[in-house]
There are 2 protein chains.
Amino acid sequence: MDKVLTLDSINPNMIKIEYAVRGPIVERALQIEKELRNGDKKSFGEVVKCNIGDCHATGQKCITFVRQVTALATFPHLLENKSFPEDTKSRAKDLLAACSGSSVGSYSHSLGLEVVRRDVSKYIHQRDGIESNWENIFLACGATEAVKMLLEMISTTGRDSERAGVMIPIPQYPLYSATNSEYNNFQINYYLDESDNWSLSADELKRALTSVKGQCIPKAIVIINPGNPTGQVLPQKCMEDIIKFAVDNRLMLIADEVYQQNVYQPDKYPWASFKKVLSNMGPSYSGKLELASLMSCSKGYMGECGYRGGYCELLNFDPAVQAQLYKALSARLCPPLMGQVALDAIVNPPRPGEPSYSLFVKERDDVLSALKDKADITYSALNSMPNMSCNPVQGAMYAFPRIHLPPKAIQEAK
Amino acid sequence: MDKVLTLDSINPNMIKIEYAVRGPIVERALQIEKELRNGDKKSFGEVVKCNIGDCHATGQKCITFVRQVTALATFPHLLENKSFPEDTKSRAKDLLAACSGSSVGSYSHSLGLEVVRRDVSKYIHQRDGIESNWENIFLACGATEAVKMLLEMISTTGRDSERAGVMIPIPQYPLYSATNSEYNNFQINYYLDESDNWSLSADELKRALTSVKGQCIPKAIVIINPGNPTGQVLPQKCMEDIIKFAVDNRLMLIADEVYQQNVYQPDKYPWASFKKVLSNMGPSYSGKLELASLMSCSKGYMGECGYRGGYCELLNFDPAVQAQLYKALSARLCPPLMGQVALDAIVNPPRPGEPSYSLFVKERDDVLSALKDKADITYSALNSMPNMSCNPVQGAMYAFPRIHLPPKAIQEAK
């Protein structure tokens, strides 16, 4: 008998989703890994998969402070254990006191524990020097969930030219194209300029938007800074151009800033949040841009992908729209409590004078310095290969090299 | 200046979502709580919110074994701590060995760690006495995420009569109506029979389906067993009728079985999974029903809502459809690792002879017996009140009483 659900009867948008993380290169890597396990002799002994920013998978160590706080919150009997520093205990106690029934096994508020949202707002305040209202922050199951909710929220039920247009960078992080497919948004590609270190120009944004005129209702632009998979840190002037473009063209800005702590030459290529740049542009812009900024436990120096912790800060949103988004989030009950606890340990790390401080600083700086070294090694290695070139990795965790195919190879392929 | 996003420009399906957990009764409870905090004198000293199955929030203790395994996986230094029993350590070691880089900070496979999926399949096998294929099991961020993915998958992009129809019980758990709104599915209400202990009849299912003829494309039926919010355990005969109805009318069955461990009179009202009942009906049915069965860390005796752990087992799905669902799940990367670890501790609990066994059994049975007592107290108390009546609570965590309004009150309201 025929199935009820077939490719002809399920959601066609789901079928349209493409997710590159399982592309042919990954398939080949898995195959090589299997061959090695079967005893095949090769000039190397293992496969290190760097197709995704999964630091712990490739040997990066966890930050002791983060794990101590989460272990204490998990099993409060450990609060009596003398090997845990007092600051990890006081953090865990504060978090447990905020949990219903003093247990991470209870549901939190659907937007996350108030204490964590407040600590996130303090972190943002300290980062930017600008006030942050904790009620504009919601916690999510990784930044991924926040991206999905935002792109779902702006989608329309319209067809053809009534679809919501979302501008995304090319090269991009495939979550954006996949999620646009999932919610039937119209993807508007703008191209990063490889010759200018993956920067982007107002001209290119205009070109991209003009090219889809009449084909959709443009509603949002996604900027990934530091860039994934391109590793650039955007100059402030470029960010100002983007903000002007978004305001002038009535686009909400989704700022994927999850690599904000992965900036390898801060003196030469400093990173600033879109919120800060916007604020510096004065009242003719600062109140006009609907900005959603994303951050995650998964990147930075902590690399805690498995916890699925993240937050989104909303700026200048219509309160009625924000209320709708918050209502929709309530149906999925709450973000994972351990992700919330880990996020709190990250936005509220040990302070000078606290017992965990020196170990924390050492571990954090060791990771960031190792990532910087790897960024340099990757850059040099790629550029030393014949017919390969690559921009410097200023931030994030990725390099996006160019392969210069010899004319004869191109001829052959044709 | 006008906002880009307004109630007129965002996704209308999101606006249609209704989520009852923040209804007027909860608002009044929060108000009373505030009054108590402000020192108002009342005949009671605290508010216990039972509008949601959040056991730890109302004082239920966590299961030591679950928390020890998750604490060890979180902070593996504790593997050297002598106060943790050996079986918790061997569980944690096995789970860590399955994590990339031996860290819960890495991403897992997007469907969950293979070892956890295998342990889930063993749990199901032991429960039902029927083989379970681990590759048909995917892990999720609570059963909630699985429900959302299933209802999204069956949704169509069609309008009006082309919308996917989903049969749901009334009274229901509001996740189902909210998610149907979110994905533009057509909600088909079938009514549980209060006079027959919230059971349901094939006649009622037929009536419900017939009543929407031509208005949608019926695709799925949701059954919650044990019932939420109605507390019944369905008799086997009733489940067989449902299966026949679903097969005859070409509906996929979503079996919300998250309360499978909350069965308070198993001798009188035994619970069986839909998978088992289906299997017992023989080949004329067993291969024909597309069945998705849901389970969660949040209910049962463990009540670990905050971990957001859950699984879904798919049966008889078209492999091409299953592949699409799995692809869509890959875009959100993976379920929370701590939820996966907690789920593993639940489906693979201490065995007789292991050091944690006796404490585990005591804690589990204490919780289940307390829940049974509360079910009985609730039933008796509601039935002892004037103008109130309530069915016995055979399972789950809820009672759904009837309030008999006096004729004069009805008159007055009119």
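Assorted remarks:
- Among the residues making up region A:365-414, those that are over 23 Å from A:ALA272 (Cβ atoms) and in contact with a helix residue (DSSP H, G or I) (Cβ under 9 Å, 6 or more places away or on another chain) are A:MET388, A:SER389, A:CYS390, A:PRO401, A:ARG402, A:LEU405.
- Residue match in region B:225-233 (condition: open to solvent by 50 Å² or more (accessible area, probe 1.4 Å), touching a Ser or Thr at 6+ places or on another chain (Cβ under 9 Å) and part of a loop (DSSP other than H, G, I, E, B)): no
- Count of residues meeting criterion [on the phi < 0 side of the Ramachandran plot, assigned to a loop (DSSP other than H, G, I, E, B), open to solvent by less than 100 Å² (accessible area, probe 1.4 Å) and more than 7 Å from every other protein chain (Cβ to nearest Cβ)] in region A:1-50: 10
- Strands (runs of 3 or more DSSP E) completely within region B:112-201 that count 2 or more residues being within 11 Å of another protein chain (Cβ to nearest Cβ) and touching a residue at least 24 places away in the same chain (Cβ under 8 Å): B:137-141
- For A:PRO352, the criteria (1) open to solvent by less than 10 Å² (accessible area, probe 1.4 Å); (2) in a loop (DSSP other than H, G, I, E, B) hold in every case but one, which is (1).
- Within region B:18-36, the set of residues being more than 29 Å from B:VAL367 (Cβ to Cβ) and at pLDDT below 90 comprises B:GLU18, B:PRO24, B:GLU27, B:ARG28, B:GLN31, B:LYS34.
- Odd one out for B:THR88 among (1) among the polar types (S, T, N, Q); (2) open to solvent by 10 Å² or more (accessible area, probe 1.4 Å); (3) within 30 Å of A:LYS61 (Cα to Cα); (4) part of a helix (DSSP H, G or I): (2)
- As for region A:376-383, it holds at least one residue that is of a type in the set (A, V, I, L, M) and open to solvent by 70 Å² or more (accessible area, probe 1.4 Å).
- Enumeration of residues in region B:273-290 that are without any contact (Cβ under 8 Å) to a residue 60 or more places away in the chain and either open to solvent by less than 20 Å² (accessible area, probe 1.4 Å) or assigned to a loop (DSSP other than H, G, I, E, B) (or both): B:PHE274, B:VAL277, B:LEU278, B:MET281, B:GLY282, B:GLY287, B:LYS288, B:LEU289, B:GLU290
- In this structure, B:SER293 does not qualify as in contact with a Cys (Cβ under 9 Å, 6 or more places away or on another chain), small (Gly, Ala, Ser), open to solvent by less than 10 Å² (accessible area, probe 1.4 Å) and part of a loop (DSSP other than H, G, I, E, B).
- Region B:99-109: number of residues that are touching a residue at least 24 places away in the same chain (Cβ under 8 Å) and either open to solvent by less than 20 Å² (accessible area, probe 1.4 Å) or at the interface with chain A (Cβ under 8 Å from one of its Cβ atoms) (or both): 6
- Index of the failed condition, A:ALA57 passing every other in (1) part of a helix (DSSP H, G or I); (2) modelled with pLDDT of 95 or more; (3) within 11 Å of chain B (Cβ to nearest Cβ): (2)
- Residue in region B:324-334 that is part of a helix (DSSP H, G or I) and free of Cβ contacts under 8 Å to residues at least 24 places away in the same chain present: yes
- Conditions (1) open to solvent by 10 Å² or more (accessible area, probe 1.4 Å); (2) away from chain A (no Cβ under 12 Å); (3) in a helix (DSSP H, G or I): number failed by B:ALA320: (2)
- Considered as a group, the residues in region A:208-242 that are in contact (Cβ under 8 Å) with a residue 12 or more places away in the chain and of a type in the set (D, E, K, R) include one that is farthest from A:MET281 (Cα to Cα), and that residue is A:LYS219.
- Residue that is least open to solvent (accessible area, probe 1.4 Å) [pool: residues in region B:202-224 that are away from chain A (no Cβ under 14 Å) and assigned to a loop (DSSP other than H, G, I, E, B)]: B:VAL212
- Some residue of region B:61-73 being open to solvent by 40 Å² or more (accessible area, probe 1.4 Å), charged (D, E, K, R), in a loop (DSSP other than H, G, I, E, B) and in contact (Cβ under 8 Å) with a residue 60 or more places away in the chain: yes
The values are calculated or read from the model by the stated rules, or taken from the named source; none is laboratory data. Bear in mind that the values here come from a model prediction, so they are computed numbers and not experimental data. Methodologically, a virtual Cβ is constructed for each residue, glycine included, from the backbone with ideal geometry; neighbour enumeration extends over all protein chains shown. Calculation scope for accessible area: heavy atoms of the full protein, side chains included, ligands and nucleic acids excluded. Shrake-Rupley method; radii C 1.70, N 1.55, O 1.52, S 1.80 Å.
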